[in-house]
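Here the structure comes first, spelled out in structure tokens, and everything after it is commentary.
Each reported figure results from applying straightforward, stated rules to the coordinates on display, with no laboratory input. None of the values given here were measured: they were computed from a predicted structure. Neighbour counts are summed over all protein chains in view; Cβ atoms, including those assigned to glycine, are modelled from backbone coordinates with ideal geometry.
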Amino acid sequence: MGEYVRYKKLKSYLSGCEYRGYPLELVLGSYLGMMTWKPSGFVYINYLFLNVNFFNFPSSQSVINTCSTSREGYISLIKGYFPDADLQCVRLVNSKWEFFLGVPHSIYYFLKAVLFSVNIRCSIGERVKLVVALSLGFKVIDKLEQQVIECDKYIAFNSSYLLESFLSYYFRLRNVDTYSLQHGMYFSYCNEIPYDVINYENVCAEKLLVWGRYSINEIQDKIPLSSRCLLFGYPESYYPKDLTQKKSEKILVLLPRDIYLSDIRVLLEYLGECQFNFLIRPHPSVAEEVEVLISTKDNFRLDKSPLLHSTLKSELFKGVIAFNSTAVFEAKLYNQKVLMFKSSSTEFINPGFVEFCIGEDLADVLVKESSLVKDDFFVPQVFSIQ
């Protein structure tokens, strides 16, 4: 049984279950996903004994923006949407002392979760995950419901993820408009479904602000019935205009995450035999492995830029090679010629990019024309919600 099937089964046990008005299937979705796709003893202990000393929001604010990640690219994206936003980080990191002080409280919620799960028919392993997630959920909701947080609009960076899920329903229950931002290209997965699926299957805000029609068509029948997609467009400050890229003879290579490492090795071996110079940009999860793989090749150089869009807007590459990475869509946004490597397992259906296989002459591939009829992955920002 794959991770996605196990995760969906766990969620099904909580279908229709609420606690103080919070739908447990949705607000706990990312936690159940984490314990399924990325299980570790630390995750279980952290969820079970987390001491929730909570949110320090101002007493009154017209718009509250929150973020549960410290990734530089994501923080930059939020600033693209809302240049003047006062970003509130909601990650919880307890000190050892705070962790210790929270133990008695956590035991109470653990027992409460055990009682709640008594009538659920499931395996021991599934029950452990449910009890850990429920104990955290009850603890967070009770603490959150003691807060008085006033605002006119709540905008989560990702209302499907961790504490932002709970915050979205806190404000929904108080009739405050709630929004969630798209932060990567969303589409239906073709093969082994990754943890990223939680980004749209567990939307807790009322409206998911989407970059373009492509993502709406791909996911609108997969988001919760209590939410809807809204065509918002790409942040105005991010949408490229009047590009003046210098022409480059290099080929940019965008590599996906670690589950595709075997295909990455195959692709790099093939490119190493080609008579072109390559700028390699790996996903953070494979950065170390890729650096080793390319270290012996004179025609490979690592892209050190922290932000992809900085690389894409600086040069018009001879081509951009990628596979199973949403970065292909961003490359297209910057008028780059995208070449899709046909790997052993395709993550999403090719909407019309040029494709190639190992063994083809790369020089011939580079002169092929894309069959894309309409570029609707991104549209300029349609309106503002500030």
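Note on Leu231 and Glu18: the model spin-label points, each 7 Å out from Cα along the C-beta direction, lie 3.3 nm apart.
Length available on full extension from Asp376 to Tyr44: 0.36 nm per residue minus the Cα-Cα distance, which gives 115.4 nm.
With the cut-off at under 17 Å, measuring from each backbone N in segment 312-328 to a point 7 Å along the Cα-to-Cβ line of Tyr270 picks out 319-325, 328. Using the Cβ of Cys17 as centre and a radius below 11 Å, the other residues enclosed give a net charge of -1, where K and R count +1 and D and E count -1. Distant-in-sequence amide contacts of Gln88, defined by a placed amide H-H separation under 5 Å and a gap of 5 or more residues or a different chain, comprise Asn65, Thr66, Cys67.
The value obtained for segment 3-231, namely the Cα convex hull volume divided by the number of residues, is 130 Å³ per residue. Calculated FRET efficiency, Arg174 and Val292, Cβ-Cβ r, R0 56 Å, to nearest 0.05? Taking R0 as 56 Å, the efficiency between Arg174 and Val292 is 0.60. Contact order for segment 96-186, expressed relative to its length and based on alpha carbon pairs under 8 Å spaced 6+ residues apart, stands at 23 percent. Here the Karplus curve 6.51 cos²θ - 1.76 cosθ + 1.60, taken at θ = phi - 60°, turns the phi angles of segment 232-237 into couplings of 9, x, 8, x, 4, 6 Hz, with x standing for Gly and Pro.
Ile219 sits among other residues whose Cβ lies under 15 Å from its own Cβ, and their net charge, with Lys and Arg +1 and Asp and Glu -1, is -2. Taking only the alpha carbons of segment 246-366, we obtain Rg and Dmax values of 13.0, 35 Å in that order. Take the Cβ atoms of Leu115 and Lys79, set R0 to 51 Å, and the FRET efficiency comes out at 0.70.
Cβ crowding within 10 Å ranks Lys318, Lys9 as Lys9, Lys318, fewest other Cβ atoms first.
How do Thr69, Thr346, Thr36 rank when sorted from fewest to most other Cβ atoms within 10 Å of their own Cβ?
Least to most surrounded, the residues fall as Thr346, Thr69, Thr36.
For the pair Ser305 and Lys368, label points projected 7 Å from Cα toward Cβ lie 2.6 nm apart.
A Cβ-based charge dipole, computed about the Cα centre of segment 264-340 with Lys and Arg at +1 and Asp and Glu at -1, lands at about 300 debye. Taking only C-alpha pairs under 8 Å that are 6+ residues apart, what is the relative contact order of the chain in percent? Relative contact order here is 15 percent.
Please compute the alpha carbon radius of gyration of the chain, then divide it by the globular-protein estimate 2.2 N^0.38 Å. Two decimals is fine. Show your work: numbers first, answer last.
Details: Rg = 22.5 Å, N = 386, 2.2 N^0.38 = 21.2 Å.
Against the compact-globule rule of thumb, the ratio is 1.06.
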